[in-house]
Every structure is written in structure tokens, then in C-alpha cells.
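In what follows, a structure is listed as C-alpha cells, so that the remarks can point back to it.
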Amino acid sequence: MSEGWEKQIEKHIRKMLTLYPDLTGFVVSTQATAEAVYKVLKELPDREFSAEESIASLLETATPPFEALAWVLIPGKEMGQKAREILLADHPADY
């Protein structure tokens, strides 16, 4: 995610909502994207479904940064650190 990524994703979300006004939900794979969708949806209070009822996501934190319809904790950073530890560990080469 480069600098300005949040602004770009918000722009695309707004465009999608303009092209598809009947859209009622988002399933996203990162917490940053979920937070961007949430921010845009909160700015549109006249939608039939609230932001909280419209987002299902994988999140990095044990407690969601907002009320979500559904979420799964996927601690990617912790998983990456554990994978690094395993890969860098001194294992016998017989596997």
C-alpha cells in the first residue's frame, strides 16, 4: 500500500456505489480496506443498510475497529513473524 492508497480506495468505493447504487454489502480481505469502506459508508447515512450491516472482513485486530456484520481475526503480522521464525530456525535438512 503506497502513500495515498486510502484516498484511491475511497475514490473507487464511491465510484462503485455510484455505478451500483443498490449495492448492499462488501466482503473485503484487509483491515485497511474494511476501514476505508466503513468511512465512505458512514458518510452516506441515507443508505438502506448501515455501514455496520454492510461489511464482512478479515481483520488484524482482536477487537474490530467498528461494528461489522462479520469478521474473522487473521493476525497476519503475527503469522508472518512466526513463519519467519520457523524459516530461520536451525532445522535438519532431512525433511
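Taking the stretch 53-72 as the region of interest, how many residues are among the aliphatic types (A, V, I, L, M), over 13 Å from residue 27 (Cβ atoms) and surrounded by 14 or more Cβ atoms within 10 Å (Cβ to Cβ)?
Count: 0.
If residue 48 satisfies all but one of (1) touching a residue at least 12 places away in the same chain (Cβ under 8 Å); (2) touching a helix residue (DSSP H, G or I) at 6+ places or on another chain (Cβ under 9 Å), what's the number of the condition it fails?
Going through (1) touching a residue at least 12 places away in the same chain (Cβ under 8 Å); (2) touching a helix residue (DSSP H, G or I) at 6+ places or on another chain (Cβ under 9 Å) one by one, residue 48 breaks only (2).
List the pairs whose first member sits in the stretch 1-12 and is closer than 13 Å to residue 34 by Cα, whose second member is modelled with pLDDT of 85 or more and of a type in the set (Lys, Arg), and whose Cβ atoms are under 7 Å apart, counting only residues at least 6 apart or on separate chains?
Note: pairs meeting the criteria are 10/39.
Looking at 29, 50, which is the one that is modelled with pLDDT under 85, exposed (fewer than 13 other Cβ atoms within 10 Å of the Cβ) and either out of contact with any Leu (no Cβ under 9 Å at 6 or more places or on another chain) or not β-branched (Val, Ile, Thr) (or both)?
When all the criteria are applied, what remains is 29.
The values are calculated or read from the model by the stated rules, or taken from the named source; none is laboratory data. Treat the numbers as computed from the prediction; the structure is a model and nothing was measured. All Cβ positions, even for glycine, are placed from backbone atoms using ideal geometry, and neighbour counts span all protein chains on display.
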